[in-house]
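Chemist: Dropping the structure in here first, questions after.
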Ligand code: NAP
């Protein structure tokens, strides 16, 4: 095939891939089209890789083949992790992408130096600075979420000054390099300093904020890939990087809003360190607990039930039992809805994915703003492994670390039942006053086991 014909095929592959990436993001935004979105993204990526492999600049496929085998060996187990481990898995993918961007940027610099035009040098600097800090930042985030590193924020005096100075020095060196691209000795520094900055940036951030930070790192990885697109003159990379960069940023904003936190608070607030709030005052209080038999009696007598799932449902993998409960209650003519908080679980859409896996109809899943006005007319709220997202202290206790976070107003329902294993706090590490209310019944046990017991009682399988 002539080089021009090959070039045309490559261009067409890239064009279709670009369109598929955009459609993929669009389709991923609704549960009913999400599978199609994943498929579109996969086909787009296959076309992008296929097109690149046709490139006439490639004279030896040996190294590419080795890289493909290595990538597959790493990628397949990464795709098989538990749903609850997806945030750290995603962070690890960002680390790999960012390392790749940094290495390509470094190779391009040494190939082109000293004849690097100023614009190109500026883009190269942006690429390696963002790439390096995203690489170590993402590795740190993975370590914190996987609990191989301490989750608690580690802070010291002048920390923000030290961190911002490091970044400032890297940017100054980048400016010097742009002005004089021949100063090769400066280049290793703009790789090395952001590597340290990436570690220092994550140290003061607590585990609870990691998902937000991960989507921010996702955004950085996308922007550095877009910069790489300019360096390599690849429109596909520029577009894919920009899509990645902007969607990561939008997601971070949505998550911050759902927690009523500003970006600066997430990045510099050391959230999760001070966890006292009004917990001390509640120590002497008692809670009321109930058995599965009693809980099923209360549910069977209700006209309307709202189920609020949280991280505990994910840990227990209780979604299929929850589906059985949904079936048993709807069979009795009870109106059952699900209240989904935007940050319930450990990643955006966590609850939607699990409930969709159990084939619970989408129209029964209501987001926070839609279900909150219904709670005062709801007979029973059944909370399954959720905690922080139902904590009324977010509305009433100004000293609470989650004060101001929008929550599901479950305390306004007539009766509240909470399935959890103990009185241990949730991810924010704070007590939940809801458990001490007169209208609240604690159902102590594993989510899957307890929901299973309730279903047995409801369907007559109990004693
Ligand atoms: P949560 O506040 O972390 O509470 C989960 C509860 O589940 C715990 O209190 C735990 O109590 C219980 N649990 C754990 N394993 C269980 C099991 N096997 N069976 C029954 N219960 C179990 O969860 P959440 O209410 O879903 O709130 C999410 C938290 O993550 C929020 O603080 C949110 O800000 C944060 N976050 C989420 C995202 C996101 O994207 N989703 C992002 C950033 C931050 P026991 O130990 O007593 O059982």
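The values are calculated or read from the model by the stated rules, or taken from the named source; none is laboratory data. Bear in mind the structure is a predicted one, so any value in this text is a computation, not a measurement. Glycine gets a Cβ as well: all are built from the backbone with ideal geometry, and neighbour counts include every protein chain shown.
Chemist: From the set of residues in the stretch 344-359 that are over 27 Å from residue 261 (Cβ atoms) and part of a loop (DSSP other than H, G, I, E, B), which is farthest from the ligand (Cβ to nearest atom)? Show your work before the answer.
Modeler: Initially, the stretch 344-359 is screened for residues over 27 Å from residue 261 (Cβ atoms), giving 356-359.
Now narrow it down to the ones that are part of a loop (DSSP other than H, G, I, E, B): 358-359.
Values: 358: 16, 359: 21 Å.
The qualifying residue farthest from the ligand (Cβ to nearest atom) is 359.
Chemist: Restricting to the stretch 1-34, count the residues that are free of Cβ contacts under 8 Å to residues at least 24 places away in the same chain, over 20 Å from residue 240 (Cα atoms), under 24 Å from the mean Cα position of the chain (by Cα) and assigned to a helix (DSSP H, G or I).
Modeler: Adding up the residues that qualify gives 1.
Chemist: Among the residues of the stretch 431-454 satisfying the criterion of being within 9 Å of the ligand (Cβ to nearest atom) and assigned to a loop (DSSP other than H, G, I, E, B), which is farthest from residue 315 (Cα to Cα)?
Modeler: 432
Matching residues to (1) away from the ligand (no atom under 15 Å from the Cβ); (2) surrounded by fewer than 17 Cβ atoms within 10 Å (Cβ to Cβ); (3) at pLDDT below 95:
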| residue | (1), (2), (3) |
| --- | --- |
| 361 | yes, yes, yes |
| 373 | yes, yes, no |
| 382 | no, no, no |
| 409 | no, no, no |
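Chemist: Could you say which residue among 149, 179, 186 is farther than 30 Å from residue 345 by Cα, touching a helix residue (DSSP H, G or I) at 6+ places or on another chain (Cβ under 7 Å) and surrounded by fewer than 18 Cβ atoms within 10 Å (Cβ to Cβ)? Steps first, please.
Modeler: Numbers: 149 fails: farther than 30 Å from residue 345 by Cα; 179 fails: touching a helix residue (DSSP H, G or I) at 6+ places or on another chain (Cβ under 7 Å).
The match here is 186.
Chemist: Continuing with this model, one more query. Provide a single number: the residues in the stretch 99-124 that are surrounded by fewer than 16 Cβ atoms within 10 Å (Cβ to Cβ) and over 22 Å from residue 198 (Cα atoms). Explain how you work it out, then say what you get.
Modeler: Quick first cut of the stretch 99-124, residues surrounded by fewer than 16 Cβ atoms within 10 Å (Cβ to Cβ) only: 103, 107, 110-112, 114-115, 117-119.
Checking the rest, the ones that are also over 22 Å from residue 198 (Cα atoms) come to 110-112, 114-115, 117-119.
Within the stretch 99-124, residues that are surrounded by fewer than 16 Cβ atoms within 10 Å (Cβ to Cβ) and over 22 Å from residue 198 (Cα atoms) number 8.
Chemist: Which members of the stretch 290-343 meet the condition of being part of a strand (DSSP E or B) and within 12 Å of the ligand (Cβ to nearest atom)? Steps first, please.
Modeler: Step one: of the stretch 290-343, the residues part of a strand (DSSP E or B) are 304-309, 335-340.
Scanning the stretch 290-343 gives 308, 309, 339, 340.
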